[in-house]
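A short write-up of the structure that comes next.
Derivation of every value follows stated rules applied to the coordinates shown; laboratory data play no part. Quantities reported herein were computed from a predicted structural model and do not represent experimental measurements. Positions of Cβ are generated from backbone atoms using ideal geometry, with glycine treated the same way; all protein chains shown enter the neighbour counts.
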Amino acid sequence: MAGVPFQRHRSWFENVAIWLTAGVACALMLASFESLWLFFLESFSDAWPEFAWCFLRALVAVAALLLVLRLGTAWLPERRALRWPALALVIFTAAAAGWFAEDGLTLVLSGEPVSDGERPYMLHTMFVLALLVGVLGEYRWASLRAAAALHEAELNRVRLESELAAGRLQVLQAQIEPHFLFNSLANVRRLLRTDGRAGRAMLVDLMLYLESALPRMRGDSSTLAREAELIRAFLAVHQVRMGARLQFHIDVPHALGRHIVPPMMLLTLIENALKHGLSPLAEGGSISIVATEANDMLVLQVADTGHGLVPGSGGGTGLANIRARLRAMYGAAAGLSLQLNQPRGVVAQIHFPVHAV
């Protein structure tokens, strides 16, 4: 049918076989209705030629009817206001074609036209058959059209969800980057006021770090090895400012370094540990970063010995962004959890499915 892109394309051989089978089946049905009773009233030798003659007439009539229906329905408009009147015209035309074909065959082979008493029956039969086939074909066309529309709507929904998720990731990353840069530059300014030499050293380290980090911030993905390098440089910058108040340990096995991870996510957890955990304490503390793999899940843990959980520490912008990014990228398969560390501090843990480069 025209205007239905959802149906599977069939070869010419399949189409011929389908229409031939339908035509033979309809012809057998019509011939049976007309002459099958002769087998019960007459001998087989007398009834069989009559049945064969009825089948031949019906086959020619049905072939003409189906051909007109097939050609006519292929050009029907898609708008219902125009399609249904056009379909009615095609059905009447197909019935007339079947009737003329049977009448013509009878005249050619027997030399006599169909009797006047038989013509109304033939026309009625052709009309009922054309109506039945036309309605079934229209129902199939409508079903395929509805399936195509549903399929297209589903594709549009998936496309919109993908675009929305990508937009959310870009917005969330845009929120993270200025926050990180502002805090880092504020730390450099503060240190320059208190210790010029240490401030200049930190500024050099920060420039080296940003030279490596900024090109990766806009990426959709990174590797655990690259993120480990970034957080090591980030913590080294802060260690210049904090001195003995900051100790850190990074345990990222080399075998896990090839796994794909969301960029800047570990950095956000570490920044959160520094800001809310270690900075409020005069003596500072330590940060431990550990990466493990279990059951095809990558687990990244950031544990600090800082101030600990306080009201609002689990609902900040950084942690909210991490949860939203994990949900957008992995759905329910990923998550972020916070728990108390012993004897003090917070353990932040994120998990998501393993993907290797």
| said: Show me the ranking of peptides 318-325, 63-70 by mean Cβ neighbours inside 10 Å, starting with the highest. | reply: 63-70, 318-325
| query | Considering only the other residues whose Cβ falls under 14 Å of the Cβ of Leu76, what net charge follows from Lys and Arg at +1 and Asp and Glu at -1? | reply | +4
| note | Counting Lys and Arg as +1 and Asp and Glu as -1 over every other residue whose Cβ sits under 12 Å from the Cβ of Gln239, the net charge comes to +2
| Gyration tensor verdict on the range 234-326 (Cα atoms; rounded if a/c is under 1.5, prolate if a/b is larger than b/c, oblate otherwise) | oblate
| note | Once both label points are put 7 Å beyond Cα along the C-beta direction, the Phe182-Leu131 separation in nm becomes 7.6 nm
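How much net charge surrounds Asn187 when only other residues with a Cβ under 15 Å from its Cβ are counted (Lys, Arg +1; Asp, Glu -1)? Working shown, then result.
Details: positive: Arg189, Arg190, Arg193, Arg200, Arg241, Arg245, Lys275; negative: Asp195, Asp205, Glu271.
Net of charged neighbours comes to +4.
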| note | Any residue on another chain or 5+ positions along whose placed amide H is under 5 Å from the amide H of Val261 is listed here as Ser222, Thr223, Leu224
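As an exercise, use a Förster radius of 22 Å and the Cβ-Cβ distance of Ser43 and Glu118 to find the FRET efficiency, rounded to the nearest 0.05. Please list the in-between numbers first.
Working: r = 24 Å, r/R0 = 1.09.
E between Ser43 and Glu118, to the nearest 0.05, is 0.35.
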| query | What is the packing order of peptides 72-82, 257-267, 130-140, taking the mean over residues of other C-beta atoms within 10 Å and listing the highest first? | reply | 257-267, 130-140, 72-82
